[in-house]
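Q: One structure coming up, written as structure tokens, with questions to follow.
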Amino acid sequence: MRVRGNDYRVLRPEERFTPRLTVSVVVPAYGAQHELDLVLAALARQTYPAELTEVIVVDNGSEPPLRLPATRPARTRLVVCPRPGRAAARNAGLAEATGDVVHWLDSDVLLTPGAIEAHMRWHHAAPYLVVTGYIRFTEVEPPAELPADLERHFEPAKPHAWIVELVERTGGLTDNPKRPFSLHVGGATSVNAALLAAAGPMDDDLVLGQDTEMGYRLAQAGAVFVPEPSARAYHLGPTMRMRDQGPIDRVSHAFVADRIPTYRWLRGHPGRQWKVPYVTAVLDGAAGYEPVRAAVDALLACTVADLSVLLVGPWDTLERDRRAPLKDPALDLVLVQGHYEHEGRVRLSAAEDVDPSVPYVLRLPPGWVPGEDTVARLLDLARDEGLGLVNVLLDETGEGVAAARLERVSAFARARILAEPGEDLDDVVDAVSGVVWVEGETYGFTTEAGPPPLGRRGAYRGRQEAQAEAARLAKEAERLRAQVAKWKDEAGRWRRTAVELRREVGTLRRQLAAANRAQRSLRALVSTTMKRALAKRLRT
């Protein structure tokens with residue numbers, strides 16, 4: 001079954017399944033022997049078959065050294081990691097693990113009896129999953145012995161609030177979440193071992209944030225992230241992050257910004273370079289000096305500064321002809337090398353070895369130059385639509401089609417896991433993430449170099465002029481608003497005057513009507529009087 005995006009609902013794992021996969025539970029620990037005893041006692045109660053479960057406890061330099069209690073799973077062993085740090089301890093346990101699935105477990109987290117079985121049900125459904133259980137945080141003092149009913153003993157407890165909020169906000173991580181890898185927390189998370197091998201071990205150079213950084217690399221390797229409510233656990237006390245979130249974020253963000261390109265809000269600087277760029281453009285470095293330079297310079301000057309360029313070519317074969325350099329058959333290759341070998345955002349390589357942590361790869365054919373905003377617009381399209389591949393039709397002739405490609409690395413990684421022998425990889429990417437074609441001209445591609453890129457000084461002056469113009473327009477808008485307000489006041493006065501005039505006209509009309517009535521009455525009276533007088537005179 002092929003999961004599109006992170007919508008794992010198509011997998012439908014069976015409630016009753018035949019366990020066949022092995023699981024290695026890795027428990028890094030430092031001191032707190034009694035809590036470790038409770039953790040191992042809880043693992044001994046798991047419903048998943050004991051013969052398919054191994055537990056590796058990593059003593060991270062405890063003094064006195066940790067020991068294994070009598071109540072523990074049968075296949076439990078203790079290893080020592082003298083290098084301090086949870087990442088180093090987990091890597092030591094990972095090196096010892098033999099299971100098909102690796103289950104991270106902190107030494108202060110007690111699993112309810114069916115937790116591992118709930119994890120493994122998903123792993124039997126697909127080989128590229130990361131499953132996270134639901135941890136609740138209890139303030140109850142650790143008991144002398146593990147209680148028979150964990151829920152009754154440790155409730156009321158607090159949920160893992162930000163995970164619950166993330167899951168609810170994204171429909172259980174199925175509604176095209178931007179960063180589902182945030183679900184990867186080390187307290188109670190399981191990962192397919194082959195997927196973990198592809199992503200690599202934990203980065204022990206990080207001070208904090210190792211779980212999130214590994215989650216990002218797992219996403220890049222093609223992972224689907226699954227929250228499993230029935231895999232429940234209790235954390236003995238609050239986490240360090242719950243106690244000191246502000247200081248922890250301050251330290252964590254300083255390091256993960258360099259390693260997780262999708263955390264765009266941490267990369268606000270307009271020009272600096274990062275360990276892992278957001279997009280890498282791959283070009284044929286042997287396509288000719290002028291065409292390569294036109295394309296590379298356009299890329300370096302584009303509106304996406306978080307970008308690197310990989311020029312693929314036989315750089316290791318170059319031997320410069322010092323006596324007749326103009327007749328050197330590899331002169332164009334020499335010129336490209338000489339022009340870019342000291343540019344920090346350009347790398348020359350004999351093979352296409354893109355860092356797998358880079359989210360996007362842009363493949364640009366020889367002779368085509370992107371516009372200033374081309375890369376940004378293609379990235380917007382891929383992000384907004386959740387696409388795995390954007391094909392850009394540049395030219396179509398009798399000899400074939402010229403096209404650029406913007407590839408989402410994580411979509412292609414998952415496609416490689418799922419592809420059948422001989423199956424076209426783009427078709428699999430279409431199934432798991434989506435593929436579209438767009439017109440190159442619409443997105444600003446040309447075959448000629450554009451005008452010289454605007455330098456920093458020119459950009460600064462342009463920005464200053466734009467800000468001055470914006471201030472002038474804002475002042476003019478304020479003046480116009482004041483004028484409009486004045487006109488509104490005058491219109492109000494006119495309306496009031498008109499009302500008063502209408503009232504006066506009404507009064508005059510009523511007075512005129514009364515006068516007309518009086519005049520008609522007077523005329524009638526005069527007429528009657530004259531008639532009577534005339535009649536009287538005629539009689540006499």
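The values are calculated or read from the model by the stated rules, or taken from the named source; none is laboratory data. Note that this is a predicted model, so its numbers are computed, not measured. Glycine gets a Cβ as well: all are built from the backbone with ideal geometry, and neighbour counts include every protein chain shown. Surface accessibility is based on the protein's heavy atoms, side chains included, excluding ligands, DNA and RNA. Shrake-Rupley method; radii C 1.70, N 1.55, O 1.52, S 1.80 Å.
Q: Output the helices (runs of 4 or more DSSP H) that fall wholly within the range 150-200 and possess 3 or more residues being out of contact with any Ser or Thr (no Cβ under 8 Å at 6 or more places or on another chain), or say none.
A: 161-169, 193-199
Q: If you go through the range 22-33 one residue at a time, do you hit one that is in contact (Cβ under 8 Å) with a residue 60 or more places away in the chain, open to solvent by 10 Å² or more (accessible area, probe 1.4 Å) and not in a loop (DSSP other than H, G, I, E, B)?
A: Yes, because at least one residue in the range 22-33 is in contact (Cβ under 8 Å) with a residue 60 or more places away in the chain, open to solvent by 10 Å² or more (accessible area, probe 1.4 Å) and not in a loop (DSSP other than H, G, I, E, B).
Q: Of all residues in the range 412-448, count the ones that are open to solvent by less than 80 Å² (accessible area, probe 1.4 Å) and touching a residue at least 24 places away in the same chain (Cβ under 8 Å).
A: Residues meeting the conditions: 22.
Q: Can you tell me which of ASP297, ASP258 is of a type in the set (D, E, K, R) and in contact with a Lys or Arg (Cβ under 8 Å, 6 or more places away or on another chain)?
A: None of the others qualify; the one that does is ASP258.
Q: Taking only the range 93-151 into account, find how many residues are touching a Pro at 6+ places or on another chain (Cβ under 7 Å), open to solvent by less than 30 Å² (accessible area, probe 1.4 Å) and among the hydroxyl-bearing types (Ser, Thr, Tyr).
A: 2
Q: Another question about this same structure. For the range 325-344, give me the residue count where each residue is open to solvent by 40 Å² or more (accessible area, probe 1.4 Å), touching a helix residue (DSSP H, G or I) at 6+ places or on another chain (Cβ under 8 Å) and among the charged types (D, E, K, R).
A: Number of matching residues: 2.
Q: Would you point out which residue out of THR280, THR317 is of a type in the set (Ser, Thr, Tyr) and open to solvent by less than 40 Å² (accessible area, probe 1.4 Å)?
A: Only one candidate qualifies: THR280.
Q: Okay, next question. With (1) open to solvent by 90 Å² or more (accessible area, probe 1.4 Å); (2) assigned to a helix (DSSP H, G or I); (3) not basic (Lys, Arg) as the list, and PRO451 as the residue in question, which single condition is left unmet?
A: Result: PRO451 fails condition (2) only.
Q: Please work out which one of (1) buried (at least 17 other Cβ atoms within 10 Å of the Cβ); (2) out of contact with any Pro (no Cβ under 9 Å at 6 or more places or on another chain); (3) modelled with pLDDT under 95; (4) in a helix (DSSP H, G or I) is the condition VAL39 fails and give its number.
A: (3)
Q: Which residues, counting only those in the range 289-305, are open to solvent by 10 Å² or more (accessible area, probe 1.4 Å) and more than 15 Å from THR374 (Cβ to Cβ)?
A: Those that are open to solvent by 10 Å² or more (accessible area, probe 1.4 Å) and more than 15 Å from THR374 (Cβ to Cβ): TYR289, GLU290, PRO291, ARG293.
Q: Report yes if some residue within the range 44-59 is touching a residue at least 40 places away in the same chain (Cβ under 8 Å), open to solvent by 20 Å² or more (accessible area, probe 1.4 Å), assigned to a loop (DSSP other than H, G, I, E, B) and not β-branched (Val, Ile, Thr); otherwise report no.
A: Yes, some residue in the range 44-59 is touching a residue at least 40 places away in the same chain (Cβ under 8 Å), open to solvent by 20 Å² or more (accessible area, probe 1.4 Å), assigned to a loop (DSSP other than H, G, I, E, B) and not β-branched (Val, Ile, Thr).
Q: Residues of the range 269-328 being part of a strand (DSSP E or B) and not small (Gly, Ala, Ser), which ones?
A: Once the filter is applied, which keeps residues that are part of a strand (DSSP E or B) and not small (Gly, Ala, Ser), the range 269-328 yields VAL279, THR280, VAL282, LEU283, ASP284, LEU307, VAL309, LEU310, LEU311, VAL312.
Q: Here's another thing I want to ask about it. Which residues, counting only those in the range 199-218, are of a type in the set (A, V, I, L, M, F, W, C) and either open to solvent by less than 20 Å² (accessible area, probe 1.4 Å) or at pLDDT 95 or above (or both)?
A: Within the range 199-218, ALA199, MET202, LEU206, MET214, LEU218 qualify.
Q: Right, next: All but one of (1) within 23 Å of ARG45 (Cβ to Cβ); (2) touching a residue at least 60 places away in the same chain (Cβ under 8 Å) hold for LEU129, so report the exception by its number.
A: Here LEU129 meets the rest and fails (1).
Q: Give me the pairs: first residue in the range 345-374 and within 23 Å of VAL392 (Cα to Cα) and open to solvent by less than 60 Å² (accessible area, probe 1.4 Å), second residue assigned to a strand (DSSP E or B) and among the hydroxyl-bearing types (Ser, Thr, Tyr), beta-carbon distance under 6 Å, and six or more apart or on different chains, which are they?
A: VAL354/THR280; VAL358/THR280; VAL361/THR280; VAL369/THR446
Q: Here is a check on your reading of the model: is VAL191 at negative phi, open to solvent by 10 Å² or more (accessible area, probe 1.4 Å) and either in contact with a Lys or Arg (Cβ under 7 Å, 6 or more places away or on another chain) or of a type outside the set (Lys, Arg) (or both)?
A: Here the answer is no, as VAL191 does not meet what is asked.
Q: Within the range 99-127, can you find the residues that are part of a loop (DSSP other than H, G, I, E, B), out of contact with any strand residue (DSSP E or B) (no Cβ under 6 Å at 6 or more places or on another chain) and of a type outside the set (Asp, Glu)?
A: PRO113, GLY114, HIS124, ALA125, ALA126
Q: A further question on this structure: Test each condition in (1) open to solvent by less than 60 Å² (accessible area, probe 1.4 Å); (2) under 23 Å from the mean Cα position of the chain (by Cα) for ASP380 and report the one that comes out false.
A: For ASP380, the failing item is (1).
Q: So, one more: Quick one: THR262 ticks every box in (1) touching a residue at least 60 places away in the same chain (Cβ under 8 Å); (2) surrounded by fewer than 21 Cβ atoms within 10 Å (Cβ to Cβ); (3) not hydrophobic (A, V, I, L, M, F, W, C); (4) not in a loop (DSSP other than H, G, I, E, B) bar one, so which box is it?
A: For THR262, the failing item is (4).
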